[in-house]
Structures are given as C-alpha cells and as structure tokens.
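Below: the structure, in structure tokens.
What follows is calculated from the coordinates using simple rules that are stated; it is not laboratory data. What you see is a predicted model, and the numbers here were worked out from it, not measured in a lab. Quick reminder, even Gly has a Cβ in these numbers, built from the backbone with ideal geometry, and neighbours come from all protein chains shown.
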Amino acid sequence: MEQKNRSLILLLLAVLFTMSGLDVIAQSKPNIIILYADDLGYGDVGCYGASAVKTPNIDRLASNGVRFTDAHCTAATCTPSRVSLLTGTYAFRKKAAILPGDAPLLIQPGTPTLPSMLQQAGYATAVIGKWHLGLGNGIINWNGFIAPGPNEIGFDYSFIIPATTDRVPTVFVENGKVPNLDADDPIAVSYAAKIGDEPTGLSDPQLLKQRADTQHSNTITNGISRIGFMTGGKRARWIDEDIPLVLNAKAKDFITGHKNQPFFLYYPFPNIHVPRTPNRKFAGTTALGARGDVIAEMDWLVGEITQLLDSLGILKNTLIIFSSDNGPVLDDGYEDFAVKLNNGHRPAGIFRGGKYSAFEAGTRMPTITYWPGTIRPGVSAGLCSQVDLMASLAALTGQKLSAGAAPDSQNALDVWLGRSKQGRKYLFEESYTFSIRDARWKYIAPQQTSTPDWMKNKKIESGLAPVDQLYDLQHDPGEKYNVASQHPEIINTLKAELKKLTL
C-alpha cells in the first residue's frame, strides 16, 4: 500500500509539473495590446507637450516605456492607415481610401494579417472598437449574419463599430451579428438616397445636439445627424456618450477571459473622431470643449486597461503599443466649437498640417511602447512606421511570414522595444500625394490637382503643390521653406527611392 501511495504521489507531481510547464510555455509569449486612437495629433497629449488637457495614464506609459518622436502611421487618413497596420502593406497597393459605411471588406479572407499570424503563434485574438475596413461582399444584410468581416481575417472575437460614429448604421456588430436587434424592426441602410421617414439634420435641425455640414446631415440618431440614411434597428442603436464604456467593458471581458493564455487585442478607439460626445463623467472637464473632453476620456480608457492588467498580475507580460491613425483635425463636419475653444492648444505640436495633409502632422503620431521589466524607459528619435509592426511582432513571437505576406513590413523589433534607435532608412507617407522621408529630408511629390474646396473650408493645409517640395526637417521641422531648388541631388535620390517603392 505504501509503495502504491508513493507511486500515486509521484504521478501527481509529474502531472502538476507538466501542467506548470505548459503554463510557462503559454506565458513565454507576451500579450500584445494595440491602443489605437482616431484623429489624435502629435501634440494632443501631455507627454508630447499638451497642457490644456491632462493625460496622466498615457503619460505614465511614456515615462515607463519608449516615447517615439519620429514614428508614423502610413497615411494621413484612417482606412489606409488601418489596412497597413493589419496587413504590413501600403494602402495604395490595395487602392484603399476612406470607405463608406456599406463598403465591402477591404482585406480579403486568406490575406496574411497581423491577427492571423498571431493566431498561428497560439494567440487568442480580438478587435474591439472602430473597424472602418468594410464588411461583407458588397450588399450587407444588417439583419442576418454579416460576413466576411474581422472574424474571417484572423480575429477570434470582434465587437465593432462597422465604420465610423458619424456614419450609419449606428449599431455595433458582434461576431457578425447586430446585438439587441428586434426582428420586427429590421435595419435598412442607404448611401445613395433617402429611405424611410426618419428625420434628418436638414429636415429637422431642431432635434440636433450639434449642427453639422451637409454631408453629415442625414439620418438623426441620438440627436446627431450622420452620413447616410437608415431606418429600423432602434433597440440596437448605440448611445454615443456610452460608446467608450461599452467598448471598455468588452475589452475588459476579453482580457479577463484570456488572462491565462497569450492574447492579442487590437483596440481602435472611436475617440477623438467626430461627432465628439464625451460621457457625462468627462463633459466639461477641459478648457478645450468636447474635443478636449474626449481626449481626457480616451486617457481614462487607457488607464482602465492598464489597471486591469496590473490587477490580474499580467502587466509585466504584456506589450502595449499606443498610437493614432492619422493627424488631428478641429473642424471635421460638426459644430462642436473645437476651433473656437482651442485656446492656443497645438494639436500637431510644432509640425505643419494634420489629417488629410502631406505635411508631417498628417502621419507623425504620438507613439509609445510599454512593457514593464522588458522595455527600458527612454525617448527614441528612430524613424518608425506602423507598417513594420507585422514583421516586428512576427519576430517577437517566433513566426516566419509566408512568401508574399506583409510585403512592405520590415522587422524593427529592436527599435520598438527601445534596444536600438536606428530606424528606417526611408519612410513612406501617403496622403493625396506621396511623400518619402529619410532621417533628415522629406520629399513631397508634385500633384497637379489643387487643394479641394472642402479642405480649404476646414482650414486644412493639404501640402499639395504642382512642383517638387523638399524640406530639411533637421533645421525646419515645421516645413516652412521648400529648398528643392537648392538640393537637386537630394531630390533625385528621394525621387528614385519613391519610384522603386511605388512600382
């Protein structure tokens, strides 16, 4: 009997050792979270110089991680940047532009993506937040199963805003279905012509919380008119002020439910895109009006996530990447007094331009990597692009990208982790023209099309010109002086590199 008990104890110890070993293997790969802001400018947070709005949680990431001063999204608008982030491919190769709310899925199933690569590495994957990469195959039945979508390109779980908060349909989509939908009140959506008899911003402006331009003056939901027309789905429609709370609850559920295995969370915030509708906890908390309030709200979201990771004991095994999809814009269709209340705040910092622009503020993003115990705090001036995250995270997780996958992505893992400050030799920027950078010089390709009127009305500097533009960013970071005529040799070199890249 004693020998039998001893054998049983040894067997139990062996099982426990094996289970413990499996847990160590599971956690040897860090959790990865990308916190992706929308329309957040380089100068919009405290650690990048903002004083009119407080961002203590983002600042805490920066003070304990790497704060990048020359990190970029790939394009000055949202959909193109997101395509590049998730595929490691420049958006122009996929003919990506800002999508309407009923556009088909832009990333075809079978395309190697960041989440599918991490799935192969054993990660649970989720996207929670703004999507804006299209859904379905061209005709979407919002009342049935919507596919293909995030779940067909590598995400195990998805809870998304289909396009943007200023576009219909104003409902969430969870794993291909609209939650809380009443079958007796089906959703219909049109971007071609008015449908149904619901009030619009033009027909019933007295119902609006914020007046809007003509483009944003279609169907009204929750006192806000949108782009496009919609009927039905009333029980499923979101309340704008509660969107961040809903998304954060879903993000927390995903993290908590996967705390014992490696996970990847892509968390694209709707903040600070229009319409800016801060929750009452944040309304009126800054001197910048609604735009400042939703920055403060976004900072709170960041804090809630990091605090949860800490409470679960997994913060030290989590790499957090914080950045934005394109530069800032104040007036983007709604009268929320962002211009009037700006009060000297500099959303782009010292840089010129913003959202839509070829100038630096279009793509130079506040960017932070944070991994306590692994990343040493510091500041990096390395030239970085979000297109490189796919190859870099493949290297981090021991994955080999398949032939043809992520063709524009380079392994810059040492730069992202602060081990090296030697960034890209050349960096590509896309707006309504193409630009190329090295550590010092920036070349903007000529564009014969003049700045469109809608950009002028929004007081956006497009950066478009019919001539070559060259800026010495080392001495002129604000891109005030075009020195193309003085440096033909630099122009020729950068032109040649741009041509090679865009062939």
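Once you keep just the Cα pairs under 8 angstrom separated by 6 or more residues, what percentage relative contact order results for segment 85-236? Please list the in-between numbers first.
Details: 309 pairs, mean separation 30.9, N = 152.
It rounds to 20 percent for segment 85-236.
Taking every DSSP beta bridge that has both residues in the chain, what percent is antiparallel when rounded to the nearest 5? Please report the intermediate quantities before stating the final value.
Working: 29 of 57 bridges.
Given both bridge residues lie in the chain, the antiparallel proportion sits at roughly 50 percent.
At what distance in angstrom do the alpha carbon centres of segment 53-127 and segment 234-279 lie from each other?
Here the two parts' Cα centres lie 16 Å apart.
List every residue whose amide H lies under 5 Å from the amide H of ALA412, counting only residues 5 or more places away in sequence or on a different chain, with H placed 1.01 Å from N in the peptide plane.
SER392
When only C-alpha pairs under 8 Å and at least 6 residues apart count, what is the relative contact order of segment 246-360, in percent?
24 percent
222 nm [θ] for the chain, helices only, -39500 (n - 2.57) per DSSP H run of 4+, per residue, to 500? Display every interim value, and only then the final one.
Values: 10 runs with 120 residues, N = 503.
About -7500 deg cm²/dmol.
Tell me the relative contact order for the chain as a rounded percent, counting alpha carbon contacts under 8 Å between residues six or more apart.
Working: 1160 pairs, mean separation 112.1, N = 503.
Value for the chain: 22 percent.
Once R0 is set to 51 Å, what does the formula 1/(1 + (r/R0)^6) return for the Cβ-Cβ distance between GLN119 and LYS499, expressed as a FRET efficiency to the nearest 0.05? Walk me through the numbers on the way to the answer.
Numbers: r = 36 Å, r/R0 = 0.71.
It comes to 0.90.
Name the helices (complete DSSP H segments) of the chain with a Cα length along the long axis of 30 Å or more and a Kyte-Doolittle mean of at least -0.5, or state none. Please list the in-between numbers first.
Working: long enough: 2-27 (37 Å, 0.91); 290-311 (31 Å, 0.25).
Qualifying helices: 2-27, 290-311.
Given 0.36 nm per residue, what is the gain on full extension from LEU312 to ALA395 after removing their alpha carbon distance, in nm? Could you put the intermediate results ahead of the total?
Working: separation 83, 0.36 × 83 = 29.88 nm, distance 2.65 nm.
Using 0.36 nm per residue and subtracting the Cα-Cα distance, I get 27.2 nm.
Sorted by packing (mean other beta-carbon atoms within 10 Å per residue), highest first, where do 444-451, 468-475 land?
Numbers: 444-451: 15.4, 468-475: 17.1.
Packing proxy ranking, top to bottom: 468-475, 444-451.
Taking Cα Rg over 2.2 N^0.38 Å straight from the coordinates, which label in [x] 1.26; [y] 1.00; [z] 1.05 is the correct one?
[y]
Going down the list LYS425/LYS480; LYS54/LYS458; LYS442/LYS500; LYS29/LYS259; LYS130/LYS209, which pairs span over 18 Å between their C-alpha atoms?
Details: LYS425/LYS480 23 Å; LYS54/LYS458 26 Å; LYS442/LYS500 16 Å; LYS29/LYS259 12 Å; LYS130/LYS209 22 Å.
The answer is LYS425/LYS480; LYS54/LYS458; LYS130/LYS209.
With θ set to phi - 60° and the Karplus curve 6.51 cos²θ - 1.76 cosθ + 1.60, what are the ³J(HN,Hα) couplings of segment 259-269 in order, to the nearest whole Hz, using x for Gly and Pro?
5, 9, 9, x, 9, 10, 10, 9, 10, x, 5
I need the Debye-formula profile for segment 432-502: one equal scatterer per C-alpha, no solvent, reported as log10 I(q)/I(0) at q = 0.19 1/Å, two decimals.
-0.78
What ³J(HN,Hα) values, in whole Hz, does the Karplus curve 6.51 cos²θ - 1.76 cosθ + 1.60 give for segment 105-111 when θ = phi - 60°, with x put for Gly and Pro?
4, 7, 9, 6, x, x, 5
What are the ³J(HN,Hα) couplings of segment 39-49, residue after residue, when phi is run through the Karplus curve with 6.51, -1.76, 1.60 and θ = phi - 60°? Round to Hz, x for glycine and proline.
3J(HN,Hα) across segment 39-49, in whole Hz: 6, 8, x, 4, x, 8, 10, x, 5, 10, x.
What FRET efficiency would be calculated for the residue pair ASP204, ILE98, taking the C-beta separation as r and a Förster radius of 30 Å, to the nearest 0.05?
Working: r = 27 Å, r/R0 = 0.90.
It comes out at approximately 0.65.
Considering amide H positions built from the backbone, and no H for Pro or chain starts, which residues 5 or more places from HIS72, or on another chain, come under 5 Å of its amide H?
Under 5 Å from the amide H of HIS72 lie the amide H atoms of MET365, CYS384, SER385, GLN386, each far enough along the sequence or on another chain.
Compare the peptides 379-391, 403-415, 71-83 by average per-residue count of other Cβ atoms within 10 angstrom and give them in order, highest first. It would help to have the intermediate numbers written out before the result.
Values: 379-391: 23.2, 403-415: 17.8, 71-83: 27.2.
With the highest mean Cβ count within 10 Å placed first, the list reads 71-83, 379-391, 403-415.
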